[in-house]
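Working notes, beginning with the structure itself.
The values are calculated or read from the model by the stated rules, or taken from the named source; none is laboratory data. Predicted, not measured: the structure shown is a model, and the values here were computed from it. Cβ placement follows ideal geometry from the backbone for every residue including glycine, while neighbour counts extend to all protein chains displayed. Ligands, DNA and RNA are stripped out before the accessible areas are found, and what is left, the full protein with its side chains, is counted by its heavy atoms. Shrake-Rupley method; radii C 1.70, N 1.55, O 1.52, S 1.80 Å.
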Amino acid sequence: MIDFLTQCRAIVGDAYVLDAPADMAPFLTDWRGRFTGKALAVLRPGSVEQVAALVRACVSQQVALVPQGGNTGLVLGSVPDASGAQVVLSLARLNSIRQIDPVNRTMTVDAGCILQQIQEAAAAEGCLFPLSLAAEGSCTIGGNLSTNAGGTAVLRYGNTRELCLGLEVVTPQGEVWSGLRGLRKDNTGYDLRDLFIGAEGTLGIITGAVLKLYPQPKASITALAALPSPAAAQQLLVLMQDYCGSSLTGFELMSRYCLELVAEQFPQLPKPFVTPHAHYVLLELSSSESERHAVGLLEQAIGAALERDVINDAVVATSVAQSADLWQLREHIPLAQAKAGKNIKHDISLPVSRIADFIAVTGPQLDAAFPGCQLVCFGHLGDGNLHYNVAPPVGISNEDFLANQEKVNRVVHDSVVSFGGSISAEHGIGALKRDELAHYKSTVELNMMRAIKAALDPLGIMNPGKIL
């Protein structure tokens, strides 16, 4: 393997082939700190050509590689296994905004661009790139595309897949496919772009992308509504859509326990309601007309919801600062969970119409199997995505409870499937959910996926052990 690393150093330079344990350490542990792998080396190319050359070197030596962006994933998809035989290929140095076309409403970027960098570059041109999630200050667009990330604006703009028009990809043979076309209509055969989006680096390495841009809204209004139940939240969603249409850009469900957890771990954050309520919805409206228009829509909708007893109360932000405070409550839920201790996470999706029934059925099932367990239930109700996390009962250690992960997963995932849902909404499969995927996917689906993998990556060197 000395010859292989020498070859890699000749491609990218000595400084960008890391093989000392201390230098590799930041690339080997997943974001949640649940697993630390080993690697032969960490490779840090600075161009697409270097990525392709490194892949060819891996092919020649049959060395498996693990593509990595910001390493903010939650399913062990961007870290190597424990063998020490794989290399991590970090895209962090590919971080240029290549082109912005405000007339075509597109932006061409390197895969290693930080999401926030892309948002800011779009805003500087008077445009909006609407993908937004908690890790936007450190996640990369290549990782977002590889996992088909969702975030808080899927209700209006769709997942990352819907925000991408074209890709540049280094294949498992070390060739470069340039599909960087800013076309909204291109009906010329198989859509190769959609093969790589959501493939978690198992079919090739995304190195560049053409992204859709949108007009900046003239105004955004945020409100927090208090509700008696998830069923009421479903009613509120339909009502808001009837009154506001596509102006409704965010609709986030949070349980009482979620906000109690945030208040406990972050007491400096605001407490919008004096009296606690069973559930809350954080909603956002964006208007292409004016703030007055957005406020009018929201007032009508909230008024109708109060008259029909759909909601108990509501707080409307009257400034940018107040809006940010309300969003902080939602965004601090994962941080509060992390500070409170370990929990068993589930990133699930369901038909919106089935969410209330799922919550009503699954909670008692878990409590019967694991008495006293705490449910941290929140997520993007508008697009059917729940983060349904299970924390240990009081007095039970994290380690003892995590030993039940497989049993907890079975209760939750069986219930999800029974309601017509999916065991992964936006986090992907990685290594963490690989066996769960095999448990729930049909033989036909799995065989088609394996056939695609074998056709594109016959040596199996692209992120092996992930998804399949």
- Note on the structure: Condition set in contact with a helix residue (DSSP H, G or I) (Cβ under 9 Å, 6 or more places away or on another chain) and open to solvent by 50 Å² or more (accessible area, probe 1.4 Å), scope segment 292-306, selection nearest to Ala219 (Cα to Cα): answer is His293
- Only unsatisfied item for Arg9, checking (1) under 24 Å from Thr202 (Cβ atoms); (2) surrounded by 15 or more Cβ atoms within 10 Å (Cβ to Cβ), is (1)
- Message: Out of the helices (runs of 4 or more DSSP H) lying entirely within segment 382-468, which hold 3 or more residues that are open to solvent by less than 20 Å² (accessible area, probe 1.4 Å) and either modelled with pLDDT of 95 or more or of a type in the set (S, T, N, Q) (or both)?
- Response: 405-418
- Please enumerate the residues belonging to segment 243-291 that are charged (D, E, K, R), open to solvent by 50 Å² or more (accessible area, probe 1.4 Å) and in contact (Cβ under 8 Å) with a residue 24 or more places away in the chain. Arg256, Glu264, Glu289, Glu291
- Item | Matching strands (runs of 3 or more DSSP E) fully within segment 123-234 where at least 3 residues are at pLDDT 95 or above and under 25 Å from Gly384 (Cβ atoms) | 219-227
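With out of contact with any His (no Cβ under 7 Å at 6 or more places or on another chain) and at positive phi as the only criterion, which of Gly208, Gly182, Gly201, Gly142 stands out?
Result of the check over Gly208, Gly182, Gly201, Gly142: Gly201.
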- Task: Could you list, in sequence order, all residues of segment 326-380 that are surrounded by fewer than 21 Cβ atoms within 10 Å (Cβ to Cβ), among the basic types (Lys, Arg) and assigned to a helix (DSSP H, G or I)?
- Result: Lys339, Arg354
